[in-house]
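Undergrad: I'd like to ask you about the structure that follows.
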Amino acid sequence: MECISLRNVVKRFGSIIALNNLSFTIPCDGRFALLGPNGAGKSTTMKILAGLLKPDYGEVEIMGMKPGTKEVKRFLGYLPEDPMPYRILTVRENLEYIASLRGVKKERVDEMLDLLDLRQYERVQAGKLSRGNQQKLSLALILIHNPKIILLDEPLNYLDIPTQEKVINVLRDMKSTFLISTHIMSIATRLTDHVIIISRGTVIWQGSIDELRALGREDETIESVVARMMRNA
Ligand SMILES: Nc1ncnc2c1ncn2[C@@H]1O[C@H](COP(=O)(O)OP(=O)(O)OP(=O)(O)O)[C@@H](O)[C@H]1O
Ligand SMILES: [Mg+2]
């Protein structure tokens, strides 16, 4: 079954065409990376899937439903490019608020504090956290309800190396459908098995990580293969 599908999606911002007939599908339990040069349309795609932006044209479905509906939000976790927890609430208050909104047990708050090493900051206002700790809190907030479908826009930005390793392990253990946008190839290779490469708002290549590697010359890194594809698009 398809969990995510976009068909011929067009999104304009004034005269800029951010998405230009973008189509792809992701099967349930699929783990996909969304790659593309700066300005390719990755974050716009994520925002449309999260229901924050409406496409000008085309069809978008999450498990056969329209994005942004209450029903879809219940099983979706979306980490934006620039996440912002409630600045004046403490770390714990942020988690408690989202837990109540999502209807999850209070114990999940403590689980998330431990999972993302936030225990020592639980009484600190989110606006006073370092950027990396804000990122950890944002991840905790979107994972608290164990979402079936997870959209992550540059999830490991600002995280220290131990936390990057922890988050990779946490995500690997989750039985969810993933779409992760990233510029770091090792995040794609460690967390996903398929990649969709977009450029100027349209898909230029898609396939498995193994197929992508196989396109490289002997000793060529996967980064070099992807860079070549993006340059030639
Ligand atoms: N709110 C907006 N108003 C005007 N133009 C926008 C807006 N959001 C995105 N764009 C434009 O749409 C295009 C796609 O932007 P998007 O943020 O989706 O790219 P991206 O692939 O996420 O890039 P990056 O790798 O830099 O994060 C760019 O040309 C961008 O300038
Ligand atoms: Mg982006």
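The values are calculated or read from the model by the stated rules, or taken from the named source; none is laboratory data. Keep in mind that what you see is a predicted model, and the values were worked out from it rather than measured. Here the Cβ is made from the backbone with ideal geometry for all residues, glycine too, and neighbour counts use every protein chain on show. Only protein heavy atoms, including side chains, enter the accessible area calculation; ligands, DNA and RNA are left aside. Shrake-Rupley method; radii C 1.70, N 1.55, O 1.52, S 1.80 Å.
Undergrad: Pick from Ala40, Ala214, Ala126: which residue has the top mean-square fluctuation in a GNM of the chain where Cα pairs under 10 Å get a spring?
TA: Looking only at Ala40, Ala214, Ala126, the largest GNM fluctuation is found for Ala214.
Undergrad: Of all accessible surface on region 10-81 at a 1.4 Å probe, what whole percent is carbon and sulfur?
TA: 51 percent
Undergrad: Suppose only helical runs count, i.e. DSSP H with n ≥ 4. What mean residue ellipticity at 222 nm does that imply for the chain under -39500 (n - 2.57) per run, divided by all residues and rounded to the nearest 500 deg cm²/dmol?
TA: -10500 deg cm²/dmol
Undergrad: So if I place +1 on the C-beta of Lys and Arg and -1 on the C-beta of Asp and Glu, and nothing else carries charge, what would the dipole magnitude of region 97-226 be about its Cα centre? I want it in debye, nearest 20.
TA: In total the dipole reaches around 720 debye.
Undergrad: Continuing with this model, one more query. Relative contact order, percent, of the chain when contacts are C-alpha pairs under 8 Å separated by at least 6 residues? Working shown, then result.
TA: Values: 430 pairs, mean separation 60.7, N = 233.
The normalised contact order for the chain reaches 26 percent.
Undergrad: Hey, got a sec? Which trypsin sites (Lys or Arg not before Pro) in region 29-115 land in a DSSP loop and have at most 15 other Cβ atoms within 10 Å?
TA: Passing both the DSSP loop test and the Cβ count: Arg87, Lys105, Lys106.
Undergrad: How much accessible surface does Phe13 have with a 1.4 Å probe, in Å² rounded to 10?
TA: Estimated to the nearest 10 Å², Phe13 gives 90 Å².
Undergrad: Considering only Cα-Cα distances, which of the following residue pairs are longer than 29 Å: Lys128/Lys166; Lys11/Lys106; Lys54/Lys148; Lys66/Lys128; Lys42/Lys105?
TA: Over 29 Å apart, Cα to Cα: Lys11/Lys106; Lys66/Lys128; Lys42/Lys105.
Undergrad: With r as the distance between the Cβ atoms of His183 and Asp56 and R0 = 22 Å, compute the FRET efficiency 1/(1 + (r/R0)^6) and round to 0.05.
TA: Here the calculated transfer efficiency is 0.25.
Undergrad: Under a GNM of the chain (C-alpha, springs under 10 Å), which listed residue has the highest mean-square fluctuation: Ser176, Ser130, Ser199?
TA: For the chain, modelled as a Gaussian network with Cα springs under 10 Å, the answer is Ser130.
Undergrad: Further question on the same structure: Among Val9, Leu179, Tyr57, pick out the residue whose Cα is farthest towards the positive end of the charge dipole of the chain, where Lys and Arg carry +1 and Asp and Glu carry -1 on C-beta, about the Cα centre.
TA: Tyr57
Undergrad: While we're here: Fully extended, how many nm does the chain gain between Ser130 and Met65 (0.36 nm per residue separation, minus their Cα-Cα distance)?
TA: 19.7 nm
Undergrad: When the dipole is taken about the Cα centre of region 92-139, and only Lys, Arg (+1) and Asp, Glu (-1) are charged at their Cβ, what size is it in debye, to the nearest 20?
TA: 160 debye
Undergrad: Let me ask something additional. Name the GluC sites (Glu not before Pro) in region 1-65 that are in a loop by DSSP and that have at most 12 other C-beta atoms within 10 Å, would you?
TA: none
Undergrad: Now for a separate question. Let's see if you can work this out: charge +1 on each Lys and Arg Cβ, -1 on each Asp and Glu Cβ, no other charges. What is the dipole magnitude of the chain about its Cα centre, in debye to the nearest 20?
TA: Rounded to the nearest 20 debye, it is 760 debye.
Undergrad: With every protein chain left in place, what is the accessible area of His194 in Å² (1.4 Å probe, nearest 10)?
TA: 70 Å²
Undergrad: If the chain between Tyr97 and Ala227 were fully stretched, how many nm would it gain, using 0.36 nm times the residue separation less the Cα-Cα distance? Can you show the working numbers first?
TA: Working: separation 130, 0.36 × 130 = 46.80 nm, distance 4.22 nm.
Once the chain is fully extended between Tyr97 and Ala227, it gains 42.6 nm.
Undergrad: Among Val195, Val167, Val91, which one shows the highest mean-square fluctuation when the chain is modelled as a Gaussian network with alpha-carbon springs under 10 Å?
TA: Evaluated over the chain, the most mobile residue of the options is Val167.
Undergrad: Please compute the net charge surrounding Asn157, taking Lys and Arg as +1 and Asp and Glu as -1 over other residues with Cβ under 12 Å from its Cβ.
TA: Details: positive: Arg131, Lys136; negative: Glu81, Asp82, Asp153, Glu154, Asp160.
Taking every other residue near Asn157 into account, the sum is -3.
Undergrad: If you don't mind, there's one more thing I want to ask. Report the one residue of Met84, Ser224, Pro162 whose Cα lies farthest in the direction of the positive end of the charge dipole of the chain (charges on C-beta: Lys and Arg +1, Asp and Glu -1; origin at the Cα centre).
TA: Met84
Undergrad: How much accessible area per residue does the chain have, in Å², with a 1.4 Å probe? Before the final figure, lay out each step's value.
TA: On the way: 11610 Å² over 233 residues.
So the chain comes to 50 Å² accessible per residue, rounded to a whole number.
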